[in-house]
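The values are calculated or read from the model by the stated rules, or taken from the named source; none is laboratory data. What you see is a predicted model; the values in this text were computed from it and never measured. Don't worry about glycine lacking a Cβ; one is built from the backbone with ideal geometry, like all the others, and counts go over all protein chains shown.
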Amino acid sequence: MTSPGVPPAWVGWGAAVCAFAFAAVSLAWALGSTVGLDTLGGSIERMARDRDPTLLAANAVALVLKVLGGVLALALVQPWGRRLPRRPLLALGWLGATVLVLYGVLQVASVALVAVGVIVPSEPISDQALAWRLLLWEPWFLVWGLLLGGATLRSQRLRRPTTSPDPDGHR
């Protein structure tokens, strides 16, 4: 059981699952799988199908960042993470959470505006790709960011236990 005001440990596990699942998708596409590419639509789908070197490089960078994001999430809630420098760990957690939440909000909002016809994209996007992006791909960033923020808050609020009591019996 957690103390009041301290998020449960599952938020870190949830952030890690989001990160590693997202990384697995990137890895599959980097290795040439075309499964699910039609859920992206537009030029990104075309570039992926054409194995565009720029997109492949961006995908490789994204893959590494997603794996590191999963490791970060685990470091925030696992005992081994307590051995890492606290301030840099918290700074990376808050930075990652902020970037993911902002990106997720902006992407969900922009795709929603396309879906309702307020914004007309420069190139057509299929209804299928629009639905996938609105209901899965873009919210995934938002959910991942919120979970990572919860894991960072948990780590920040929990006191680092000392290894042993002092001679007077105090910690």
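Key figures for this structure:
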item	result
All helices (runs of 4 or more DSSP H) inside the stretch 28-143 with 3 or more residues being closer than 30 Å to VAL6 by Cβ and not aromatic (Phe, Trp, Tyr)	53-77, 86-115
Index of the failed condition, SER26 passing every other in (1) within 21 Å of GLU138 (Cβ to Cβ); (2) among the small types (Gly, Ala, Ser); (3) surrounded by fewer than 14 Cβ atoms within 10 Å (Cβ to Cβ)	(3)
Residues of the stretch 37-67 that turn out to be of a type in the set (Gly, Ala, Ser) and either in contact (Cβ under 8 Å) with a residue 24 or more places away in the chain or touching a Cys at 6+ places or on another chain (Cβ under 8 Å) (or both), as a count	5
Boolean, ARG171 is at pLDDT below 95, among the basic types (Lys, Arg), exposed (fewer than 15 other Cβ atoms within 10 Å of the Cβ) and within 25 Å of GLY69 (Cβ to Cβ)	no
Filtered residues of the stretch 61-70 (kept if surrounded by 13 or more Cβ atoms within 10 Å (Cβ to Cβ) and among the aliphatic types (A, V, I, L, M))	ALA62, LEU63, LEU65, VAL67, LEU68
Filter result (free of Cβ contacts under 8 Å to residues at least 12 places away in the same chain and either among the aliphatic types (A, V, I, L, M) or surrounded by 15 or more Cβ atoms within 10 Å (Cβ to Cβ) (or both)) within the stretch 72-95	LEU84, ALA91, LEU95
Residue that is in contact with a Gly (Cβ under 8 Å, 6 or more places away or on another chain) and within 22 Å of TRP29 (Cβ to Cβ), where the choices are GLY93, GLY145, GLY149	GLY145
